[in-house]
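The values are calculated or read from the model by the stated rules, or taken from the named source; none is laboratory data. As the structure is a prediction and not an experimental result, all values here were calculated from the model. Cβ placement follows ideal geometry from the backbone for every residue including glycine, while neighbour counts extend to all protein chains displayed. The accessibility values were calculated without ligands, DNA or RNA, using every heavy atom of the protein model including side chains. Shrake-Rupley method; radii C 1.70, N 1.55, O 1.52, S 1.80 Å.
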Amino acid sequence: MIANKGYAAYNNSKLMTASPGELTLMLYEGAIKFCNIAIVAIENKDIQKAHINIVKVENIIEEFRATLDHKYPVAEDFEKVYVYIYDRLVEANMKKDKEILEEVLKHLRTMRDTWKEVMVRAKQ
């Protein structure tokens, strides 16, 4: 119990001190984690767990959409990608389709890796 409180305090500190770029990376990591959990849940026929974790990924995608700065033209491209991913998540949730989730996972990993590269280049 005490170890859990220490871990929670560490995670809270990590969140509170993270830069916007690091927070974005954490969101991508979370979306990937929840998508993986949903895939395993579908394999195990745990419909409720799959649903809960797909909704978590949907919420992260909605957060990304809500924070797009539309004064930059590239925001429209990201908007289209996020809408596509969100729609695929809804379909995966309705059908409990792990293949769709695996497709979403590929997109999320690509976006996360690209974001990591952006962060590295921004520091240079």
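Values for this structure:
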item: Carbon/sulfur fraction of accessible area - the chain, other protein chains in place, 1.4 Å, %; result: 58 percent
item: Given charges at beta-carbon only (K, R positive; D, E negative), |dipole| of the chain in Debye; result: 460 debye
item: Relative contact order [Cα under 8 Å, 6+ residues apart], region 43-93, whole percent; result: 44 percent
item: Rounded D (µm²/s) - region 45-103, Kirkwood Rh over Cα pairs, Stokes-Einstein at 20 °C, 1.002 mPa s; result: 177 µm²/s
item: Span-rule helices in the chain, defined as complete DSSP H runs reaching 18 Å or more along the axis (Cα) with Kyte mean at least 0.0; result: 20-43, 47-66
item: Net charge over other residues, Cβ less than 15 angstrom from the Cβ of Q48 (K, R count +1; D, E count -1); result: +2
item: Helix-only [θ]222 nm of the chain, DSSP H runs n ≥ 4, -39500 (n - 2.57) each, per residue, nearest 500; result: -30500 deg cm²/dmol
item: Å² of accessible area per residue within the chain, as computed with a 1.4 Å probe and no ligands counted; result: 66 Å²
item: Residues of type lysines that K123 reaches as a straight line, Cα spacing below 29 Å, ignoring anything fewer than 8 places off in the same chain; result: K14, K33, K71, K80, K106
item: Convex hull volume per residue in cubic angstrom - Cα atoms of the chain; result: 122 Å³
